[in-house]
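Peer 1: Structure in structure tokens, see below.
The values are calculated or read from the model by the stated rules, or taken from the named source; none is laboratory data. All values derive from a computational prediction rather than experimental measurement. Heads up, the Cβs are rebuilt from the backbone with ideal geometry, glycines too, and the neighbour counts pull from every protein chain shown. SASA here: full protein model, heavy atoms, side chains in, ligands and nucleic acids out. Shrake-Rupley method; radii C 1.70, N 1.55, O 1.52, S 1.80 Å.
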Amino acid sequence: MTTALVFAGALLLAPAVLSNQANAQILGYAPAPRSLFPADHFMTDEGGSLPERLRRATVAFDTHEALGTIIIDTGNTALYYVLGRGQAIRYGVGVGRDGFTWSGVQTISRKAEWPDWYPPAEMVARQPYLPRFVAGGPGNPLGARAMYLGSSQYRIHGTNDPSTIGKFVSSGCIRMTNEDVTDLFSRVNVGTKVVVLPKNAPHLEARGTITVRPTPPHSHPVLTTLPSGRQAMNLSTSSLY
């Protein structure tokens, strides 16, 4: 009798389970794992597939901007963090596609780890199929970290698609590999000055011999998690923020 009752209960539960799985497939998301997200130092550029000019390195760099300033060389898809004394850390970035590049001076107004993503109304109008909310996680288009620029809709953020680094592909945001954005995030504070140069600006990196020295990884990577029950959506970021 006990066996019969267990079997009957399983039959009653099966439609609900299958229905939930089907709904998840239709909506295009999967429940986020309850374990911690991968350690930041594992979020690399797929074994170093980026060309050398897009890899993080310390380079010769002459600027009048103050120590700690971020300078984005839009035309050459590079971001520089000014170290002073003629040096900067260079990171490869993805920038706005045609019609979506911009220039100016902003400051970092907010920082977030594993940020949620709310597509702005303008983006939804262009791409009505987009979700209205994506919880933070490895599949989120904003990646592992985000640094918000002033009151604008632009951010410096990570990406779940490192193949877009070095390309003119976003809707105006500056994207980095998750490993690089985590490194930059640890160096800057709210209020950091960000200078975004126009696409046709002269190349900034010093001509001639450049000292290329990979930036050492952090000895204590940050582990973060989300409350149970939240969900992460895997989205192609080829034309997103």
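Peer 1: Quick check on the range 59-72. Is at least one of its residues under 22 Å from Val169 (Cα atoms) and not aliphatic (A, V, I, L, M)?
Peer 2: From the range 59-72, those under 22 Å from Val169 (Cα atoms) are 70-72; that's our starting set.
Filter once more, so that each one left must be not aliphatic (A, V, I, L, M): none.
No, every residue in the range 59-72 fails to be under 22 Å from Val169 (Cα atoms) and not aliphatic (A, V, I, L, M).
Peer 1: Search the range 146-198 for residues being among the basic types (Lys, Arg) and in a strand (DSSP E or B), and hand back the single one that is farthest from Val93 (Cα to Cα). Full working, then the answer.
Peer 2: Taking the range 146-198 and keeping what is among the basic types (Lys, Arg), we get 155, 167, 175, 187, 193.
Next cut, in a strand (DSSP E or B) only: 155, 175, 193.
Details: Arg155: 12, Arg175: 5, Lys193: 18 Å.
Top of the filtered list is Lys193.
Peer 1: Now a separate question. Can you say whether Ser219 is at pLDDT below 95, open to solvent by 70 Å² or more (accessible area, probe 1.4 Å) and touching a Pro at 6+ places or on another chain (Cβ under 9 Å), as far as the supplied structure shows? Spell out how you get there, then give the answer.
Peer 2: Numbers: at pLDDT below 95: yes; open to solvent by 70 Å² or more (accessible area, probe 1.4 Å): yes; touching a Pro at 6+ places or on another chain (Cβ under 9 Å): no.
No: the conditions fail for Ser219.
Peer 1: Still on this structure: Is there a residue being open to solvent by 50 Å² or more (accessible area, probe 1.4 Å), modelled with pLDDT of 95 or more and touching a helix residue (DSSP H, G or I) at 6+ places or on another chain (Cβ under 9 Å) anywhere in the range 199-214?
Peer 2: No, the range 199-214 contains no residue that is open to solvent by 50 Å² or more (accessible area, probe 1.4 Å), modelled with pLDDT of 95 or more and touching a helix residue (DSSP H, G or I) at 6+ places or on another chain (Cβ under 9 Å).
Peer 1: Consider Glu179 against the criteria (1) touching a Ser or Thr at 6+ places or on another chain (Cβ under 7 Å); (2) modelled with pLDDT under 95; (3) open to solvent by 40 Å² or more (accessible area, probe 1.4 Å); (4) closer than 25 Å to Thr101 by Cβ: it satisfies all of them except one. Which criterion is unmet?
Peer 2: The failed condition is (2).
Peer 1: Specify which of the listed residues (Val105, Val134, Val95) is surrounded by 17 or more Cβ atoms within 10 Å (Cβ to Cβ), closer than 30 Å to Ala66 by Cβ and either free of Cβ contacts under 8 Å to residues at least 60 places away in the same chain or not small (Gly, Ala, Ser) (or both). It would help to see each step written out before you state the result.
Peer 2: Numbers: Val105 fails: surrounded by 17 or more Cβ atoms within 10 Å (Cβ to Cβ); Val134 fails: closer than 30 Å to Ala66 by Cβ.
Going through Val105, Val134, Val95 in turn, just one is surrounded by 17 or more Cβ atoms within 10 Å (Cβ to Cβ), closer than 30 Å to Ala66 by Cβ and either free of Cβ contacts under 8 Å to residues at least 60 places away in the same chain or not small (Gly, Ala, Ser) (or both): Val95.
Peer 1: So, one more: Of the conditions (1) touching a helix residue (DSSP H, G or I) at 6+ places or on another chain (Cβ under 9 Å); (2) part of a loop (DSSP other than H, G, I, E, B), Gly136 clears all except one; give me its number.
Peer 2: (1)
Peer 1: Determine the pairs where a residue that is within 17 Å of Arg145 (Cα to Cα), located within the range 185-199, has a partner that is open to solvent by 40 Å² or more (accessible area, probe 1.4 Å) with Cβ atoms under 6 Å apart, the partner being 6 or more residues away or on another chain.
Peer 2: That search, which allows pairs on different chains as well, returns Gly191/Thr107; Val194/Gln106.
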